[in-house]
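Undergrad: Structure below; questions to follow.
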Amino acid sequence: MEDIALLTVAATLRGLKNREFSSVELSQALLNCIDAKDGQLQAYLKVDADYILKQAATADQRRAAGDDAPLLGLPIALKDVINVKGEGCSCASRMMEGYRSPFDATVAAKLRAAGVVFAGRTNMDEFAMGSSTESSAFQVTRNPHNLECVPGGSSGGSAAAVAGGEAIAALGTDTGGSIRQPASFCGCVGLKPSYGRVSRHGVAAYASSLDQVGPLTKSVEDAAILLRELAGYDPNDGTTLDIAVPDYASQLTGNMQGVRIGLPREYFIEGSDPEVTAAVLSAVEACRAAGAEIVDLSLPHTEYAIAVYYILANAEASANLARFDGVRYGHQTAAPGSVYDLYANSRAEGFGAEVKRRIILGTYVLSSGYYDAYYGKAQRARTLIREDYTRAFESCDVMMTPVAPTAAYKIGAATQDLLKIYLGDVFTVPASLAGICGISLPCGSTTDGLPIGLQVLGPAFGESRILSVAHAYEKIRDGR
């Protein structure tokens, strides 16, 4: 029975609809897998078996009564940054211990309406700040392909759960690559929608102009199925756009003929692992052989992206996390001697080292005398990066690039060379700054057996385009 826990979303939904197995049977199989594996992987922060099986039983009753909700009975794990009514939402931080959400995030409400079974809370970097899931206050998640390596981050728990056979699918969030990079490191599919395609309401904010919710799945088709349910305008999030949501899965033609694929030279640079570059270029050549046209292009302001990102994201983090002061939200220090002690000690005790580092940097660049020199210039540079992509998409339909310069690295490496880890976001951050969409899918592995990810980028609200091209490559890769 555990074999059904390894199914894709599409296959699971067919099995449920055809009564090949029930949601209770499926959920129990998943729980068995989690019991067997998560002691090593540590992908989950919380799994409430009774709650999961109760939801599954309700889904089975609804199906028996004729309910045909699109995702009825499908278990999905959630990154522990998404509020679900009555559940904890720790953001992998001591600051949020004991918190229980009084409401559903919009994405949770959409999934609930679609019939999803909420199947556990996955580990993450604290407040989504990190690229390895090592900054979690509670545990270190491990890569299912090599337990000595990181799963990536910040959505490392979600990626490890999906790739490790502990979840049918999961939700993550992507601020500067936090869905795409762990998908690449763990060998699954990770989709970052365009900014404004999916509501952020009820998702604990890191950087409000960058954060996006998206799925981590076992196939491109699965990502397309879930995006249709997640996407759409939300009056509670003024950054969402009121535009039609396509049936993404129905548009997966599998055809690569005539697709113009751009290769930005700034993404193929010295310092990248040669195995990563070779795997990505091999994927591109496979697409060329299937009828795609390859277009060489340049995104000249890419070199500024990392600096711009770590100024803007940290500035927004400084503002967003100011609310956690020991009074309104979060951990409160014991017996403070003054109001200053209350604020200072509560934040010092509640936040981890990486979060403190980013708050300090963000506060600095927003401070009087430095705002124009750092924050103002970064915003202007961000506009130039966005314009680079706008011009480039006039000559190509999608772009193909590596997701990260390397495959997964050893646990502990992040604490030894922080700058190197920050620079590891060089291929994911630019798309986040531009607000465009991107997807990561496996395209090979290193000689050590670690997955390598291919990134397909498209213009804003071009999700149908990147899903179609990624699906076509997936079929070529798998010999289908």
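The values are calculated or read from the model by the stated rules, or taken from the named source; none is laboratory data. Quick caveat: nothing in here was measured; it's all calculated off a predicted structure. Note that we place each Cβ from the backbone using ideal geometry, even for glycine, and neighbour counts take in every protein chain shown.
Undergrad: Are there any pairs, at least 6 apart or on different chains, whose C-beta atoms fall under 6 Å, with the first in region 196-225 and closer than 22 Å to L433 by Cβ and the second among the acidic types (D, E) and assigned to a strand (DSSP E or B), and if so, which?
TA: What qualifies is Q212/D174; G214/D174.
Undergrad: Quick check on my filter: what residues within region 164-183 are part of a loop (DSSP other than H, G, I, E, B) and among the acidic types (D, E)?
TA: Scanning region 164-183 gives a single hit, E166.
Undergrad: If I filter region 208-226 down to residues being hydrophobic (A, V, I, L, M, F, W, C) and out of contact with any Asp or Glu (no Cβ under 7 Å at 6 or more places or on another chain), which single residue comes out as surrounded by the fewest Cβ atoms within 10 Å (Cβ to Cβ)? Quick ask: steps written out before the conclusion?
TA: Within region 208-226, the first condition is being hydrophobic (A, V, I, L, M, F, W, C), and the residues that meet it are 210, 213, 216, 220, 223-226.
Adding the requirement that they be out of contact with any Asp or Glu (no Cβ under 7 Å at 6 or more places or on another chain) leaves 210, 213, 216, 223-226.
On the way: L210: 22, V213: 30, L216: 35, A223: 31, A224: 29, I225: 24, L226: 29.
Per the stated criteria, the residue is L210.
Every residue, every condition in (1) more than 18 Å from T428 (Cβ to Cβ); (2) hydrophobic (A, V, I, L, M, F, W, C); (3) out of contact with any Gly (no Cβ under 8 Å at 6 or more places or on another chain), yes or no:
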site	(1), (2), (3)
G190	no, no, no
S194	no, no, no
G202	yes, no, yes
V213	no, yes, no
L226	yes, yes, yes
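Undergrad: Also: Within region 394-431, track down each residue that is crowded, with 22+ Cβ neighbours inside 10 Å, in contact with a strand residue (DSSP E or B) (Cβ under 9 Å, 6 or more places away or on another chain) and either assigned to a loop (DSSP other than H, G, I, E, B) or basic (K, R) (or both).
TA: C396, V403, A404, A407, A408, Y409, F427, T428
Undergrad: For region 432-450, give me each residue that is surrounded by fewer than 24 Cβ atoms within 10 Å (Cβ to Cβ) and either of a type in the set (K, R) or assigned to a strand (DSSP E or B) (or both).
TA: P442, G444, S445
Undergrad: Considering region 135-158 alone, what residues qualify as being crowded, with 24+ Cβ neighbours inside 10 Å and assigned to a loop (DSSP other than H, G, I, E, B)?
TA: Within region 135-158, S135, S136, T141, P144, V150, P151, G152, G153, S154, S155 meet the criteria.
Undergrad: Also, quick follow-up: Which one is farthest from L281 (Cα to Cα), of the residues in region 457-478 that are touching a Lys or Arg at 6+ places or on another chain (Cβ under 9 Å) and buried (at least 24 other Cβ atoms within 10 Å of the Cβ)?
TA: Here is the first cut: in region 457-478, the ones touching a Lys or Arg at 6+ places or on another chain (Cβ under 9 Å) are 458-461, 463, 474.
Still in the list and also buried (at least 24 other Cβ atoms within 10 Å of the Cβ): 458, 463.
Values: G458: 18, E463: 22 Å.
Among those that are touching a Lys or Arg at 6+ places or on another chain (Cβ under 9 Å) and buried (at least 24 other Cβ atoms within 10 Å of the Cβ), it is E463.
Undergrad: To continue, here is another question. So which of A161, A92 is within 29 Å of I436 (Cα to Cα), under 16 Å from the mean Cα position of the chain (by Cα), modelled with pLDDT of 95 or more and not in a helix (DSSP H, G or I)?
TA: A92
Undergrad: Turning to a different aspect of this structure: Taking only pairs six or more apart or across chains, which ones have beta-carbon atoms under 8 Å, a first residue in region 350-362 that is at negative phi and in a helix (DSSP H, G or I), and a second residue that is surrounded by fewer than 19 Cβ atoms within 10 Å (Cβ to Cβ) and among the hydrophobic types (A, V, I, L, M, F, W, C)?
TA: Within 8 Å, the pairs are K356/A348; G362/A319.
Undergrad: I'd like the full set of residues that are closer than 20 Å to V140 by Cβ and of a type in the set (D, E), limited to region 75-111.
TA: D80, E97, listed by residue number.
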